[in-house]
Amino acid sequence: MIHEIFPVGPLQCNCSVIGDEQSREAMVIDPGDDIAHVEEILRRHKLTVKQIVVTHGHIDHIGGAMKLKNITGAPLLLNEHDFGLLKILPLQAAWVGMAVPGKVTVDQKISDGDRLRAGSLGATVMHTPGHTQGSVCLYFDADKKLIAGDTLFAGSIGRTDLPGGDFEQIMRSLHQRVLSLTDDVIVVPGHGPLTTIGEERMANPFLQTR
């Protein structure tokens, strides 16, 4: 697996470029901004983008998706429960000081249990509502790697005071879904440093047994 993780945009969202070393097929996850940097990584690894996956509908994760879609021709994937957030992207842009991305068109809805592929690489969609109603995580089971969006961070969890947020819901998503994974699973949060399920199960104050 080729996996490049780098912060993009004013809120430093973790964007992932994931590629299959044999087929050179790739998916880009959460291209919130700085698409020129995404392009440079794709060129360096000689990757062809097959899908653009957005973990939830906040502008810092989706802000550059249409630009990347127009460049690559790859379809844009998002859970349908966050389609409503796309209607308030101008308001979201004002909140965080980003440029309004224009109209965002989703090509494919992704739902819990869906299987996404890039060459031989496969990820299972986990619907983990709470940060937003359409928040998802992507679990690459063969590589023991979870792209967690803003559901789980190192030492913390996603905020629930924004539109679509629900604290009890995110707690259920974390305890019933995310913590069902084994301790050795690497977690790539939507912001900040990488961690593991084991580290968060042991030390994250939100994940202690209630």
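The values are calculated or read from the model by the stated rules, or taken from the named source; none is laboratory data. All values reported here derive from a predicted model rather than from experimental measurement. Backbone-built Cβ (ideal geometry, glycine too); neighbour counts: all protein chains shown. With ligands, DNA and RNA removed, areas are computed over all heavy atoms of the protein, side chains included. Shrake-Rupley method; radii C 1.70, N 1.55, O 1.52, S 1.80 Å.
Could you work out the local net charge near ILE59, counting Lys and Arg as +1, Asp and Glu as -1, over the other residues with Cβ closer than 14 Å to its Cβ?
-3
Ignoring everything except DSSP H segments at least 4 long, calculate the 222 nm mean residue ellipticity for the chain; use -39,500 (n - 2.57) per segment, divide by total residues, nearest 500.
Mean residue ellipticity at 222 nm (helix-derived): -5500 deg cm²/dmol.
Please tell me the relative contact order of the chain in percent, rounded to the nearest whole number, where contacts are Cα pairs under 8 Å and at least six residues apart.
Numbers: 486 pairs, mean separation 32.6, N = 210.
RCO, the chain: 16 percent.
So what's the convex hull volume per residue for the Cα atoms of the range 31-107, in Å³?
Roughly 80 Å³ of hull volume per residue.
Kirkwood hydrodynamic radius, the range 1-142, all distinct C-alpha pairs: what's the number in Å?
14.9 Å
What nm distance separates the two modelled labels at MET1 and ILE71, each placed 7 Å from Cα along Cα→Cβ?
So the two model labels end up 2.3 nm from each other.
Rolling a 1.4 angstrom probe over the protein chains, ignoring ligands and nucleic acids, what is the accessible area of THR72 in square angstrom, nearest 10?
50 Å²
Once you compute Rg and the Kirkwood Rh from C-alpha atoms, what is the Rg to Rh ratio for the range 131-207?
0.93
Starting from 0.36 nm per residue, how many nanometres of slack lie between VAL100 and GLU168 once their C-alpha separation is accounted for?
On the way: separation 68, 0.36 × 68 = 24.48 nm, distance 3.12 nm.
Here the answer is 21.4 nm.
Give me the dipole magnitude in Debye, nearest 20, for the chain about the Cα centre, with unit charges on the beta carbon: positive for Lys and Arg, negative for Asp and Glu. Please list the in-between numbers first.
Details: 19 positive and 25 negative charges, 72 e Å.
It works out to roughly 340 debye.
Determine by what factor the alpha-carbon radius of gyration of the range 109-151 differs from 2.2 N^0.38 Å, reporting the quotient.
1.12
Could you let me know the centre-to-centre spacing of the range 30-59 and the range 178-210, using Cα atoms, in angstrom?
Using only Cα atoms, the two centres lie 25 Å from each other.
List, largest first, the extents of the alpha carbons of the range 51-210 along their principal axes, each in whole Å.
So the three principal-axis extents are 43, 38, 24 Å.
If you roll a 1.4 Å probe over the chain with all protein chains in place, what percent of the accessible area is carbon or sulfur?
Summing carbon and sulfur atoms, their accessible area is 52 percent of the total for the chain.
Of the candidates ASN79, ASN14, ASN70, which one comes out as most mobile in a Gaussian network treatment of the chain with C-alpha springs shorter than 10 Å?
The residue that fluctuates most here is ASN70.
To the nearest 0.05, how large is the calculated FRET efficiency for GLU39 and ASP143 if R₀ is 30 Å and r is the Cβ-Cβ distance?
Calculated transfer efficiency: 0.80.
Taking the alpha-carbon distance from LYS69 and a cut-off under 22 Å, which lysines remain once sequence neighbours fewer than 8 residues away in the same chain are dropped?
Partners found: LYS46, LYS50, LYS87, LYS103, LYS109.
Taking N as the number of residues in the range 1-48, what is its Cα Rg relative to 2.2 N^0.38 Å?
It is 1.07.
Work out, step by step, the length gained on full extension between ALA93 and THR124: first 0.36 nm times the residue separation, then minus their alpha carbon distance; give nm to one decimal.
Between ALA93 and THR124, full extension yields 8.2 nm more.
Taking only Cα atoms and a 10 Å spring cutoff, compute GNM fluctuations for the chain and point out the largest among VAL96, VAL38, VAL185.
Top of the fluctuation ranking is VAL96.
Send over the semi-axes of the range 62-117's equivalent ellipsoid, whole angstrom and largest first, taken as the square roots of 5 times the C-alpha gyration tensor eigenvalues.
22, 15, 8
GNM on the chain, C-alpha springs below 10 Å: top fluctuator among THR128, THR48, THR151?
Among THR128, THR48, THR151, the largest GNM mean-square fluctuation belongs to THR48.
In what sequence, highest mean first, do 16-25, 86-95 appear when ranked by Cβ atoms within 10 angstrom? Walk me through the intermediate numbers first.
Numbers: 16-25: 18.3, 86-95: 14.6.
With the highest mean Cβ count within 10 Å placed first, the list reads 16-25, 86-95.
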